[in-house]
Amino acid sequence: MSAAPPYPQKRTCPYEPPEGYRAIGEQGPVLKVTLYDGRESWIVTGYKESREILTHPNLSSQRTHPGFPIVAPRFKSGIARSLALIAMDPPVHDTYRRYLNPHFSLRQVRKMRPEIEQVVDGFVDKIVETGPPADLISLLAIPLPSLVICRHLGVPFSDHEFFQDASGKVMLGTGEESATAAQSLVDYLEALTADQIANPTDGLLGTLVRERVQTGDMGHDELVSIALVLLIAAHETTSSSLALGIITLLEHPDQLALLLDDIDRLPAAIEEILRFVATTDLVATRVAKGDIEIAGHHIREGDAVLVSGTLANRDTAVHNEADTFDILREDPHHVTFGFGIHQCLGQNLARLELEVAMKALFTRLPKLRLAKPVSELPILGSGTVQRVLELPVEW
Amino acid sequence: MTLHVAVDRDVCISAGRCLATAPDVFDQDDEEGLALVVRQPTGDEEKLVRKAEYLCPAAAIHLSN
């Protein structure tokens, strides 16, 4: 029997799986892989099996468990291991989630559309003003999610620039720059939370102070922890999905033409983008807190478990021509936002940002094209969010 | 026989897939953001409601005949 193949592997194209994933998918839906630190982990690559394991009561998110898999060096940090919601199991997870649900429900998020449209129009104006070649990473993909989450949380307007700059550095800086910027954001959130507790304003943080801090349900540290996780989760994933989605459309001109023929196809096209691009590669890192039987395999208590969104989204058992990008696909089901109780809290906000941004960009600049071949775009992100560092376009 | 739909608000996580899929049948309340059934589906809506049940990440939608 051959050794467990390495996972994750680095993509060479921003939206296509690495070459080595084909063989991993063929050995699925459940197999063992070797992590970067030499440890072994189970990985689930089947779509049906992903849904099954992500709703299994013995699957745990406790990142402090010694068996918890570390998929990239940056996940070793104390901050990464103690994230609110993401690193929690029920019952605490469910309590926090219920505090936040009304502020991220589809119904609530829909009310944010006019504001997001206005923000996006401003960014597209700036792109037009800059003229070709314009970099859509710095002019759109990074500032959009930053500004939207700032406004939602209730970050004072005068601090937006610091916020955008620091979050840009967390994402795109060197290792040291990134760590310094992350610490500056934590320090900032500590101070902002103290201000909000003293004098709550209209945003989500002020609302949580009134609804949960003043009632004694949570304290300062918990609110800082929630603010941090909302910030981290909102940024990188949305930013990268937007950039990779634009590239995917530009690289599939027949599909882009179908979209431009009828822009009402955009919500369905976004589901197909989410399926095809699988921005996070891994949709779950977990540890088994009890035995799990799945697809004829016996996962033991303490074993590490990963779920591959990249492979589950392209499972040929559920999708015809799974490797084809097809915006008219009838059921572009995917696990890009996860499944089960941890499914992405911000999924509807992410969808809305993608929709508003792509609609404005492609309707105002219908001749949009890449200013460099996709093979020359610098990419990053093995084991984390798949990113392009630069996206120069012309029109 | 038409389909009867119920939502288990104790397990709902406000993902909104039901409302996005079958907007005439499901909604979310403002207070908790949780799913609710606006009205029972017509025969034509059965397929959409089954899809909503499939997409619900929390298995909160219960269908019966």
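The values are calculated or read from the model by the stated rules, or taken from the named source; none is laboratory data. Quantities reported herein were computed from a predicted structural model and do not represent experimental measurements. Backbone-built Cβ (ideal geometry, glycine too); neighbour counts: all protein chains shown. Ligands, DNA and RNA are stripped out before the accessible areas are found, and what is left, the full protein with its side chains, is counted by its heavy atoms. Shrake-Rupley method; radii C 1.70, N 1.55, O 1.52, S 1.80 Å.
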Within segment A:320-357, tally of residues that are open to solvent by 10 Å² or more (accessible area, probe 1.4 Å), facing chain B (nearest Cβ under 9 Å) and in a helix (DSSP H, G or I) | 1
If you go through segment A:382-393 one residue at a time, do you hit one that is farther than 30 Å from A:Phe75 by Cα, in contact (Cβ under 8 Å) with a residue 40 or more places away in the chain and outside any helix (DSSP H, G or I)?
-> yes
Residue by residue through segment A:38-55, note down the ones that are surrounded by fewer than 21 Cβ atoms within 10 Å (Cβ to Cβ) and in contact with a Lys or Arg (Cβ under 9 Å, 6 or more places away or on another chain).
-> A:Glu40
Working carefully through the options A:Leu144, A:Leu140, find the one that is open to solvent by less than 10 Å² (accessible area, probe 1.4 Å), assigned to a helix (DSSP H, G or I) and closer than 23 Å to A:Leu205 by Cα.
-> A:Leu144
Test set (1) within 13 Å of chain A (Cβ to nearest Cβ); (2) open to solvent by 70 Å² or more (accessible area, probe 1.4 Å); (3) assigned to a strand (DSSP E or B) - B:Tyr54 fails condition number | (3)
Kindly state which helices (runs of 4 or more DSSP H) lie completely within segment A:1-108 and contain at least 1 residues that are modelled with pLDDT of 95 or more.
-> A:21-27, A:47-54, A:92-104
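Go through segment A:301-319 and count every residue that is surrounded by 14 or more Cβ atoms within 10 Å (Cβ to Cβ), of a type in the set (S, T, N, Q) and either touching a helix residue (DSSP H, G or I) at 6+ places or on another chain (Cβ under 7 Å) or within 29 Å of A:Asp262 (Cβ to Cβ) (or both).
2
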Which one is nearest to B:Gly33 (Cα to Cα) among residues in segment A:108-136 that are within 14 Å of chain B (Cβ to nearest Cβ) and buried (at least 17 other Cβ atoms within 10 Å of the Cβ)?
-> A:Gln108
Please report, ordered by residue number, the helices (runs of 4 or more DSSP H) entirely within segment A:154-270 with at least 1 residues that are under 20 Å from A:Ala72 (Cβ atoms) and either charged (D, E, K, R) or free of Cβ contacts under 8 Å to residues at least 12 places away in the same chain (or both).
-> A:160-172, A:175-198, A:220-251
Tell me, which residue of segment B:7-37 that is more than 25 Å from A:Tyr99 (Cβ to Cβ) and away from every other protein chain (no Cβ under 12 Å) is surrounded by the fewest Cβ atoms within 10 Å (Cβ to Cβ)?
-> B:Asp24
